[in-house]
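Enquirer: What follows is a single structure, and I will ask about it in a moment.
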């Protein structure tokens, strides 16, 4: 199968010229390996308001062999959450609501056993709103026709909160469903109509729309699953079930225009955007790694705000580094490779701090030293490292099993993730530090016993 060959492009007007420089050479290994006759995606990289790279690769529709184009429409899934957040923040700036308003102000029946949930807690995933029972969602998904947002809300409205509001952080799609209903209540228009009138035009998002499974959409990519070496059609379910937590569809150009509009102040004020880009802290001072609709962290010490999304076979992700004004987005039309790996590596390259490393080979004897049971200081977390046919694997208790790829002495990357593992020797233990390319948070685990 012929591989797509990528060029680093500098675009001027309607003309694109290949430009060779050290950065071009660095990009080559990141953008290789995508084949022309299987699902692929689109990449867009920009800096200081100029598009540096805009490239499509792979196939948009396998059955008819339609090649991917940069203009293809994708479901951006949970990236929708920042659109919902900005809708709320617009209404705040218009004086129509407050971040400290409670849910019961808009929906009095949501008494929550006397506990009060604020809009800010919904925005920051600290409200404790539970997930919907799978059986209720399956029933809605199997029904013909569109689903009303109130039906989605009804699937979880009588469930108890997972924890006291404001005391913990836990990602909640349903919390953003409630924000969508608040937008409708305050604005007097359906969520999709609010987007169409107040968000998409102001952001020059000419191909964006609130999702509809029954709508005919020009240039919409099909989506696929990659499983055990085989591609198959993905079951995308009902996009209206994702509602204000994941229902938007658009092109990668639209998402870039969205970022530009945010920075220009066309949507919300700069002070409000700065607040949305800032990590929310719990009352005990612990960081949540999330603002209002954006994850927060850093890439090689540079602040990044980012979000990903997945729906059916669509996988999307983007990073924005405010200090360097670098935007990177990656859209895939298949599930099987994480787009955040490529987007994070591209972002690191754009700030001159690449993650580019070369996999090395270690002997079984060298790998055997890392095997064993690892525990956190309080004993609450446990991980197991095993060796199987020359390959090291990590598995947390009750979690998935990940191949650990060696990139240096005592340095590993968890395959198809942005997680890293660094081993450090202490007098009578191995310290395993599990980190992430997009933040500085590190989880430490210890393996007892003297290490050679």
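Enquirer: Output the number of residues of the range 312-361 satisfying the condition of being under 20 Å from residue 417 (Cβ atoms), assigned to a strand (DSSP E or B) and in contact with a helix residue (DSSP H, G or I) (Cβ under 7 Å, 6 or more places away or on another chain).
Expert: Here is the first cut: in the range 312-361, the residues under 20 Å from residue 417 (Cβ atoms) are 313-319, 328-332, 334-349, 353-360.
This time we only want the ones that are assigned to a strand (DSSP E or B), so: 314-319, 328-332, 334-335.
If we keep only those that are in contact with a helix residue (DSSP H, G or I) (Cβ under 7 Å, 6 or more places away or on another chain) as well, we get 314-319, 328-332.
Result for the range 312-361: 11.
Enquirer: Could you grab me the full set of residues in the range 414-424 that are surrounded by 14 or more Cβ atoms within 10 Å (Cβ to Cβ) and touching a helix residue (DSSP H, G or I) at 6+ places or on another chain (Cβ under 9 Å)?
Expert: 417, 418
Enquirer: Test each condition in (1) modelled with pLDDT under 95; (2) out of contact with any helix residue (DSSP H, G or I) (no Cβ under 8 Å at 6 or more places or on another chain); (3) more than 19 Å from residue 196 (Cβ to Cβ) for residue 241 and report the one that comes out false.
Expert: Every listed condition holds for residue 241 apart from (2).
Enquirer: Looking at the range 198-210, is at least one residue in contact (Cβ under 8 Å) with a residue 24 or more places away in the chain, exposed (fewer than 15 other Cβ atoms within 10 Å of the Cβ) and in contact with a strand residue (DSSP E or B) (Cβ under 8 Å, 6 or more places away or on another chain)?
Expert: No, that holds for no residue.
Enquirer: Now a separate question. So, in the range 385-396, of the ones that are over 12 Å from residue 417 (Cβ atoms) and under 24 Å from the mean Cα position of the chain (by Cα), which residue ends up surrounded by the fewest Cβ atoms within 10 Å (Cβ to Cβ)? Steps first, answer last, please.
Expert: So the first thing to find is which residues in the range 385-396 are over 12 Å from residue 417 (Cβ atoms), and the list is 385-393, 395-396.
Adding the requirement that they be under 24 Å from the mean Cα position of the chain (by Cα) leaves 395-396.
Numbers: 395: 14, 396: 16.
Residue satisfying both the conditions and the ranking: 395.
Enquirer: I would also like to ask the following. So which of 120, 71, 63 is within 30 Å of residue 181 (Cα to Cα) and surrounded by fewer than 23 Cβ atoms within 10 Å (Cβ to Cβ)? Spell out how you get there, then give the answer.
Expert: On the way: 71 fails: within 30 Å of residue 181 (Cα to Cα); 63 fails: within 30 Å of residue 181 (Cα to Cα).
Result: 120 is the single residue among 120, 71, 63 that is within 30 Å of residue 181 (Cα to Cα) and surrounded by fewer than 23 Cβ atoms within 10 Å (Cβ to Cβ).
Enquirer: If I filter the range 277-287 for residues that are buried (at least 16 other Cβ atoms within 10 Å of the Cβ), under 17 Å from residue 120 (Cβ atoms), in contact (Cβ under 8 Å) with a residue 60 or more places away in the chain and touching a strand residue (DSSP E or B) at 6+ places or on another chain (Cβ under 8 Å), do I get at least one hit? Before you say what the answer is, go through the steps one by one.
Expert: Filtering the range 277-287 for residues buried (at least 16 other Cβ atoms within 10 Å of the Cβ) gives 277, 279-280.
When the remaining residues are screened for being under 17 Å from residue 120 (Cβ atoms), the result is 277, 279-280.
Applying the additional criterion that residues be in contact (Cβ under 8 Å) with a residue 60 or more places away in the chain yields 280.
Still in the list and also touching a strand residue (DSSP E or B) at 6+ places or on another chain (Cβ under 8 Å): 280.
Within the range 277-287 (the criterion being buried (at least 16 other Cβ atoms within 10 Å of the Cβ), under 17 Å from residue 120 (Cβ atoms), in contact (Cβ under 8 Å) with a residue 60 or more places away in the chain and touching a strand residue (DSSP E or B) at 6+ places or on another chain (Cβ under 8 Å)), the answer is yes, since at least one residue qualifies.
Enquirer: May I pose another question? Of the conditions (1) assigned to a helix (DSSP H, G or I); (2) in the same structural domain as residue 199 (by TED's automatic domain parsing); (3) touching a residue at least 24 places away in the same chain (Cβ under 8 Å), residue 271 clears all except one; give me its number.
Expert: So the condition that residue 271 fails would be (3).
Enquirer: Same structure, new question: Exactly one condition in (1) over 23 Å from residue 320 (Cβ atoms); (2) assigned to a strand (DSSP E or B) is false for residue 184; which is it?
Expert: Going through the list (1) over 23 Å from residue 320 (Cβ atoms); (2) assigned to a strand (DSSP E or B), residue 184 breaks only (2).
Enquirer: Going through the range 182-197 one residue at a time, which ones are buried (at least 19 other Cβ atoms within 10 Å of the Cβ) and either within 19 Å of residue 280 (Cα to Cα) or out of contact with any helix residue (DSSP H, G or I) (no Cβ under 6 Å at 6 or more places or on another chain) (or both)?
Expert: 192, 195
Enquirer: Looking at (1) over 16 Å from residue 187 (Cα atoms); (2) part of a loop (DSSP other than H, G, I, E, B); (3) more than 22 Å from the chain's Cα centre (by Cα), which is the only condition residue 70 fails?
Expert: Answer for residue 70: the failing condition is (3).
Enquirer: I need the full set of residues from the range 219-261 which are without any contact (Cβ under 8 Å) to a residue 60 or more places away in the chain, surrounded by fewer than 16 Cβ atoms within 10 Å (Cβ to Cβ) and not in a strand (DSSP E or B), in order please.
Expert: Passing the criteria: 228, 229.
The values are calculated or read from the model by the stated rules, or taken from the named source; none is laboratory data. Please read these numbers as outputs of a predicted model, since none were measured by experiment. Here the Cβ is made from the backbone with ideal geometry for all residues, glycine too, and neighbour counts use every protein chain on show.
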